[in-house]
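The values are calculated or read from the model by the stated rules, or taken from the named source; none is laboratory data. Bear in mind that the values here come from a model prediction, so they are computed numbers and not experimental data. Cβ placement follows ideal geometry from the backbone for every residue including glycine, while neighbour counts extend to all protein chains displayed. The accessibility values were calculated without ligands, DNA or RNA, using every heavy atom of the protein model including side chains. Shrake-Rupley method; radii C 1.70, N 1.55, O 1.52, S 1.80 Å.
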Amino acid sequence: MYRKIIKRSLYNMRDSYLIYILACAFAIGIYGTLVSMSTNPSIKRAIPTWRSYLGDISIMMSWVFAFCAVIYMVYVGGFFVKQQHHEFITFEKLGMQRWVVVMLSFFQTSVIQFFAWIIGLLGTVVFQKFLGMVLFYLMHLRFNFLMYISLADARHLLTVFLYSTIFFSGINAFKTMRILQKGGKRRAKKARWWLRIPAGLFGIVLLILAQVGSVQLIYDIDSIGYSPKPMAEILFILIADVFGTYLVYFGFLPTILNFLQKIRSVAYSGINIFSFKYLKERLFQNISTLWFVTELSAMALVLLTFCYYGYQQVYHNYNTIYPFELSADQNTVKTVRQELKKSKANIVGEYQTDVKISLASYYKESDKTVVHQPMTFMSHSDYLALPKRIQKWNPKVKSNEYLMIRYNSGSINDEPQKAYNIEVKNAPLIAKAKIGNSFPYGSTMHYGSIMIVPDKYYQSLPAEINDTLYGWKFKKGDRLNAKQIKHLEKRRGDYFLKVNYNSNLKNSSIEIIKKEPETYDHNVYTQIGFMRQGGFKKQFNQVGGFFLFIVSLFSVALLIALGSVLTLRILLRDDYQSRQLRTLQKIGVEETEIKGIVRKENTLTFLIPLIFALVQTISASLSFSLKLPKKLLLIYGGYVAMYCLFGVVSYQISWHGIKKKFSQ
Amino acid sequence: MQIVVKNISKDYGKKKNAVHAIKDISLEVEHGEFLGIMGPSGAGKTTLLNMLSTNERPDHGQIIIDDIDITQLHDREQTKFRRNKMGFIYQSFELLDSLNVKENVILPLALSRSHKKLIEERFNYMMNLLNIEKLSQRNVDELSLGQRQIVAAARALINSPEILFADEPTGSLDSKSATILLNYMQLVNQREKTTIVMATHDAFTASYCQRVVFIKDGLIFSEVVNPGNRDKFFEQIINMQRTIGGGNYFNVSQDY
Ligand SMILES: Nc1ncnc2c1ncn2[C@@H]1O[C@H](COP(=O)(O)OP(=O)(O)O)[C@@H](O)[C@H]1O
Ligand SMILES: [Mg+2]
């Protein structure tokens, strides 16, 4: 008989269980994939860095993932126990012993966990192949991904299977026990608006304070740098946001419906008389879920935003620092060419540009000092002859304008757009120059800043040192082997510049030292003669791809988790709630109107967290003075669309379930 | 004639295990009549009422109410028809737990978007008539079964339906509450000239009607008209029950 009871209650809630099982199976599949990927030999072969740290990161991620999944499973698994509340109490009333009921609940959960794991482990096999291919694609690797699950990993997964099943079943059994101890009183929740309205107002105050706090935070980060104050502020903002949202939900959601219900002309017209009360009741039950989902969605969106900016920043920096796969100067070009010939590299582009190095002095805002440094000069027409992607990251310059290219200070706030009054030795003062960050041959090939000047200025500029810079582009890399690289590495420090500064520029000079000086003065600068950047590019692409992989995996998982929580909250109505919808139909309410109530319930449940999460994310981004570019809006759009898809699907399932009850 | 039923039939289920709930029934109900439908459990009483009240469609035959063939109406029109003309008392009350007594009672008027003033007026009148004014702010789960049945009746009657359908309205009431409710139904029938069609398996309940139709296995078996004396009528009904089938047959209720 017990088997029959379990079978029947599983059958009764099959829609909800199916969603739960699929969500769990997805989590298990991803977990299994992350675990088994870390030991996959084809990844190890394809990605040298996998052994050193990417593999460890993937294991760490699997732990984070498992942690989140456990929270999800415990939280959502509890929904089902709650749903069977009445049933369990009835069992006990009918004379079933308490421990028997608890065991029933235990085995029910075990069965569900069993199914989830079976599907999840099958999923691991599929996911590994699929995700492995995605990972390789994102990491720009042309390897064939082979599926592999080591015996140790399989054993590990089975152990987790066993323990987690016992753990979750135990937790649900415990929850059942609590229900039986408390007895079957359905506590009608009172409106208590005298508590709710002040709480809601306080929530709004908290949200405003959080906003003010984040503006203050930006100011403090920029002005004091590293100190414990910003950390405290971030903590405050987080707490104020999280609790503020809860209080606003707690205070206003039911109050608004309450208020509408009090307006008789609204409430007494049509189905509203029922739907307001019904929706209010449902919202009461779901406030903490809505809150939970809102905060997690906001967190996910904020994370996506910052990852996006982080990625952009790194990508931008990378491009401004490494425009060519290989670069050299006039002293090293011969050796490099020889080695390239030996390696049979497929050269698709070779660039060379004459530059002059001279002394310059100007006031630097960020250091608030006057600096005297060597500066590289390049003519405007030479600059334009370089590949477009170098100019892309710099502001446009006309033939009579000056462009100063220097390191990005990396501050969040925008850099100054212009530099003024730059003195150059034995040449006219440059009154005004635009500022850019993208170095033509990579920042490592120029010491200090580089100045793009009008052709005429360049021709008449007396140089302290003349040099020529070279850059190569290849198809499928430079193919230099380790021995060749070792040989080239010796030429890295090509020559050294020693600045002898005497009160003014005219009397100062740059001295070339061919050998590495014994001691590095602050006025000795290294001119690097050889830079192999292709390797960095590869690594950058790999790490970037891996990063993208992890972030998107987590956001998809988060989306599925949150969506399924909301769907389950909608599906798992109390018995008396679905009975009421049936009653409406019996006393002559049109089906479309009942459908309308279900739709409203769905819309409210999905839209409220979404809107709040979006508002929080966007206001956070704006207070960090981050502009929201199109691409990011596209990402948000994708998130919203997926979310809405969940809403539509859960509406369909929900209505389907109710209709089935109608025809019973 | 308000309701004319011509040769309706209704089957449930697929070919193999089909149930002929209604085989062939023809029936006429006059304006202001209080008609009883009796029969053993499974005879098809509920099915017949559901078809009369447009909750279900017959497979064959016509149902004409106020010269309109309701079997030809679309779902939407049927719903409108149902809302405007009909009231229902179900055996299981079908009250909404979320709403209090007042909201439950005025629901039909609110659904048809009546004016607020009219709603209040009708509500007070109804509560007065049925003598349940003091219940109006209570929640449904604070009511006794008898009180619930009367509230359900108040809801059925508030928009002064021309036709009231009652499916075993006394099924879950003790005899005292049943008497009260039946008296009210009679009162409404006389005062408001409401046509009432009531299904029951209980002879005492049926004795409040003006005419009782007996059905068995989806067919009309016979009918008895009230001679004007309830005790006599009650005896006639009991006799007819004996003719149809065993004595206990009627006391078994299977309806939910
Ligand atoms: N929805 C349904 N599906 C299948 N059979 C039904 C359904 N409703 C009623 N029946 C069958 O139709 C017959 C008549 O039922 P019903 O009208 O409820 O009887 P009564 O109300 O007189 O007890 C019964 O045999 C019953 O089993
Ligand atoms: Mg019946």
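One residue alone among B:I215, B:I237 is crowded, with 23+ Cβ neighbours inside 10 Å, within 16 Å of ligand 2 (Cβ to nearest atom) and at pLDDT 90 or above, and that residue is B:I215.
Scanning segment A:246-275 for residues that are farther than 20 Å from A:A199 by Cβ and open to solvent by less than 20 Å² (accessible area, probe 1.4 Å) turns up A:A267, A:G270, A:I271, A:I273, A:F274, A:S275.
Within segment B:176-195, is even one residue crowded, with 18+ Cβ neighbours inside 10 Å and within 16 Å of ligand 2 (Cβ to nearest atom)? Looking for residues that are crowded, with 18+ Cβ neighbours inside 10 Å and within 16 Å of ligand 2 (Cβ to nearest atom), one finds none in segment B:176-195, hence no. Annotation note: of A:F496, A:F474, the sole residue that is closer than 30 Å to A:Q338 by Cβ and over 39 Å from the mean Cα position of the chain (by Cα) is A:F496.
Considering only segment B:64-92, state which residues are in a loop (DSSP other than H, G, I, E, B) and within 7 Å of chain A (Cβ to nearest Cβ). Scanning segment B:64-92 gives a single hit, B:Y90. Restricting A:R8, A:R3, A:R14 to residues that are modelled with pLDDT under 80 and open to solvent by 10 Å² or more (accessible area, probe 1.4 Å) narrows the list to A:R3.
Does B:L35 satisfy being in contact (Cβ under 8 Å) with a residue 12 or more places away in the chain and within 13 Å of ligand 1 (Cβ to nearest atom)? Judged against the criteria, B:L35 is not a match. Only strands (runs of 3 or more DSSP E) whose full extent lies in segment B:1-63 are considered here, and none of them has at least 2 residues that are touching a Phe, Trp or Tyr at 6+ places or on another chain (Cβ under 6 Å), within 16 Å of ligand 2 (Cβ to nearest atom) and open to solvent by 30 Å² or more (accessible area, probe 1.4 Å). What do you reckon, is B:L96 crowded, with 20+ Cβ neighbours inside 10 Å and either out of contact with any His (no Cβ under 7 Å at 6 or more places or on another chain) or without any contact (Cβ under 8 Å) to a residue 24 or more places away in the chain (or both)? Answer is yes for this residue.
So that you can scan it fast, the table gives a plain yes or no per residue for (1) at pLDDT 85 or above; (2) in contact with a His (Cβ under 9 Å, 6 or more places away or on another chain); (3) open to solvent by less than 100 Å² (accessible area, probe 1.4 Å); (4) closer than 28 Å to A:S62 by Cα:
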position	(1), (2), (3), (4)
A:L121	yes, no, yes, yes
A:M139	no, no, yes, yes
A:D153	yes, no, yes, yes
A:L158	yes, no, yes, yes
A:G170	yes, no, yes, yes
A:M177	yes, no, yes, no
A:R187	no, no, no, no
A:R192	no, no, no, no
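Taking the condition modelled with pLDDT under 85, of a type outside the set (V, I, T) and either more than 28 Å from B:V151 (Cβ to Cβ) or within 11 Å of ligand 1 (Cβ to nearest atom) (or both), does B:G13 pass? It is true that B:G13 is modelled with pLDDT under 85, of a type outside the set (V, I, T) and either more than 28 Å from B:V151 (Cβ to Cβ) or within 11 Å of ligand 1 (Cβ to nearest atom) (or both). Scoring A:A433 on the criteria (1) touching a residue at least 40 places away in the same chain (Cβ under 8 Å); (2) crowded, with 16+ Cβ neighbours inside 10 Å; (3) within 21 Å of A:I390 (Cβ to Cβ) leaves a single failure, condition (1).
Number of residues in segment A:531-582 that are within 14 Å of chain B (Cβ to nearest Cβ), open to solvent by 10 Å² or more (accessible area, probe 1.4 Å) and in a helix (DSSP H, G or I) equals 5. In segment A:583-620, the residue that is farthest from the other protein chains (Cβ to nearest Cβ) out of those that are among the small types (G, A, S) and buried (at least 19 other Cβ atoms within 10 Å of the Cβ) is A:A620. In segment A:32-112, counting only helices (runs of 4 or more DSSP H) that sit wholly within it, the ones holding 1 or more residues that are touching a Cys at 6+ places or on another chain (Cβ under 8 Å) and in contact (Cβ under 8 Å) with a residue 12 or more places away in the chain span A:55-83. Taking the criterion of being crowded, with 19+ Cβ neighbours inside 10 Å and more than 15 Å from B:I196 (Cα to Cα), the residues of segment B:72-82 that qualify are B:Q78, B:T79. Whenever a residue of segment B:42-61 is within 14 Å of chain A (Cβ to nearest Cβ), its partners that are more than 8 Å from ligand 1 (Cβ to nearest atom) and open to solvent by 40 Å² or more (accessible area, probe 1.4 Å), lying with C-beta atoms within less than 6 angstrom and at least six residues away or across chains, give the pairs B:N50/B:E56. The single condition among (1) touching a Gly at 6+ places or on another chain (Cβ under 8 Å); (2) on the phi > 0 side of the Ramachandran plot; (3) not charged (D, E, K, R) that B:A206 does not satisfy is (2). Which ones in segment B:106-122 are away from every other protein chain (no Cβ under 11 Å) and surrounded by 14 or more Cβ atoms within 10 Å (Cβ to Cβ)? The one that is away from every other protein chain (no Cβ under 11 Å) and surrounded by 14 or more Cβ atoms within 10 Å (Cβ to Cβ): B:R122. Do we have any residue at all in segment B:131-150 that's within 13 Å of chain A (Cβ to nearest Cβ), at pLDDT 85 or above, closer than 22 Å to B:T46 by Cα and within 16 Å of ligand 2 (Cβ to nearest atom)? Taking every residue of segment B:131-150 in turn, none turns out to be within 13 Å of chain A (Cβ to nearest Cβ), at pLDDT 85 or above, closer than 22 Å to B:T46 by Cα and within 16 Å of ligand 2 (Cβ to nearest atom). Restricting attention to segment A:434-442, does a residue exist that is outside any helix (DSSP H, G or I), modelled with pLDDT under 85 and farther than 29 Å from A:E365 by Cβ? Scanning segment A:434-442, I find no residue that is outside any helix (DSSP H, G or I), modelled with pLDDT under 85 and farther than 29 Å from A:E365 by Cβ, so the answer is no.
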